[in-house]
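Scroll down for the structure; my scribbles are underneath it.
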Amino acid sequence: MYEVRRFRRIALLALLAVVLTFGAILVARLLHVEQLYVPLAIAGVPGCFPIVLAVAVVAWTRSRYFADVWLTDTTDQLIVSAHPDFVTAVDQRRAESH
């Protein structure tokens with residue numbers, strides 16, 4: 001769960017950076033601070049926007065859960081939905097321990 005939260009925070013912070021950059025460009029335009037037009041535009045369009053969006057997409061896709069667990073009607077069993085490689089590794093460990 002820690003990994004999931006960490007990658008989701010990275011993705012959300014990356015998107016926040018894009019929003020803040022474009023917000024700063026808008027504020028500079030509204031306040032007529034001409035010295036900031038070019039630096040903010042260079043930081044936003046060729047630098048920040050495509051790179052940070054790519055980081056956000058990669059971080060969000062890495063934040064998926066690795067296994068889902070559901071309780072059944074009894075407390076004796078759980079239903080686990082996991083990656084096939086994970087299931088294979090668990091079966092191999094069980095076979096080795098017996």
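The values are calculated or read from the model by the stated rules, or taken from the named source; none is laboratory data. Note that this is a predicted model, so its numbers are computed, not measured. Virtual Cβ from ideal backbone geometry, glycine too; neighbours counted across all protein chains shown. Note: accessible area is taken over every heavy atom of the protein model, side chains too, but ligands, DNA and RNA are not part of it. Shrake-Rupley method; radii C 1.70, N 1.55, O 1.52, S 1.80 Å.
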>> Here's a check for you: in the stretch 5-39, which residue that is open to solvent by 90 Å² or more (accessible area, probe 1.4 Å) and outside any helix (DSSP H, G or I) is modelled with the lowest pLDDT?
In response: HIS32
> If you check ILE42 against the conditions, is it modelled with pLDDT of 75 or more and either loosely packed, with under 13 Cβ neighbours inside 10 Å or outside any helix (DSSP H, G or I) (or both)?
Replying inline: yes
> Hey, among the residues in the stretch 13-24 that are free of Cβ contacts under 8 Å to residues at least 12 places away in the same chain and among the hydrophobic types (A, V, I, L, M, F, W, C), which one's nearest to ALA56 (Cα to Cα)?
Replying inline: LEU13
